[in-house]
1. For ALA5, indicate whether it is in a loop (DSSP other than H, G, I, E, B) and either surrounded by 21 or more Cβ atoms within 10 Å (Cβ to Cβ) or free of Cβ contacts under 8 Å to residues at least 40 places away in the same chain (or both).
2. Out of the residues in segment 27-61 that are touching a His at 6+ places or on another chain (Cβ under 8 Å) and surrounded by fewer than 22 Cβ atoms within 10 Å (Cβ to Cβ), state the one that is farthest from ALA101 (Cα to Cα).
3. Taking segment 60-109 as the search range and keeping residues that are part of a helix (DSSP H, G or I) and among the small types (Gly, Ala, Ser), which one is modelled with the lowest pLDDT?
4. Looking at segment 106-129, which of its residues are of a type in the set (A, V, I, L, M) and over 13 Å from the mean Cα position of the chain (by Cα)?
5. When segment 117-142 is examined, which residues are found to be in contact with a strand residue (DSSP E or B) (Cβ under 8 Å, 6 or more places away or on another chain) and either without any contact (Cβ under 8 Å) to a residue 12 or more places away in the chain or part of a helix (DSSP H, G or I) (or both)?
6. Among the residues of segment 144-151, is any in a helix (DSSP H, G or I), more than 16 Å from the chain's Cα centre (by Cα) and at pLDDT below 95?
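The values are calculated or read from the model by the stated rules, or taken from the named source; none is laboratory data. Just so it is clear, the model here is predicted, and its values are computed rather than measured. Positions of Cβ are backbone-derived with ideal geometry, glycine not excepted, and every protein chain shown enters the neighbour counts.
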Amino acid sequence: MLALAVDDVVPFDDWPSAARASLAFLHRTVGLDVWMVTELQDPRQVVLHSHPQEIVAPGTWVPWDSSFCRSMVSGVGPRVATVAAATPAYRDRTGHVEWIAAYIGVPLVTRDGAVFGTLCGISSRAQPRSLTRFLPLVEMTARLLSTLLSETPDAQREAVSARASMREPAT
């Protein structure tokens, strides 16, 4: 019998593994300095997973009311800002994260449409307008993660949230 070569496409063990692999994939494919999966823990946006972790550690949080992602989720800001300083919805939101020069983000939602958090990437350098060509890829990745999250038992989802320790906002 012929051996099958499927080791590279075996399902992930759990949602956190899928999230971390997605972030590494987006970092390799799209670029940008760091990719994150965040959770809205009102009044905070908490980083659950990031790649690379040395730039923004899991557990780091920012106030939800002043985050780029809140502007994006509310529809005030676009999902892609190649030059954040030139994007009205984002240029005044750089107070606690002055180094964000470009942003791409998509909401992560539960089956009932509630916002769980976001999938987002940021860069310390402005990006070319061609960054927008990656938006469908980021949207599909977010949709897949949202689907997997919706299939995850509540107990596991709570464990994912509990692992992220609280930190002071990035300065």
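1. yes
2. Checked segment 27-61; the qualifying residue farthest from ALA101 (Cα to Cα) is PRO58.
3. SER66
4. Of everything in segment 106-129, those that are of a type in the set (A, V, I, L, M) and over 13 Å from the mean Cα position of the chain (by Cα) turn out to be ALA114, ALA126.
5. The answer is LEU131, THR132, PHE134, LEU135, VAL138, GLU139, THR141, ALA142.
6. yes
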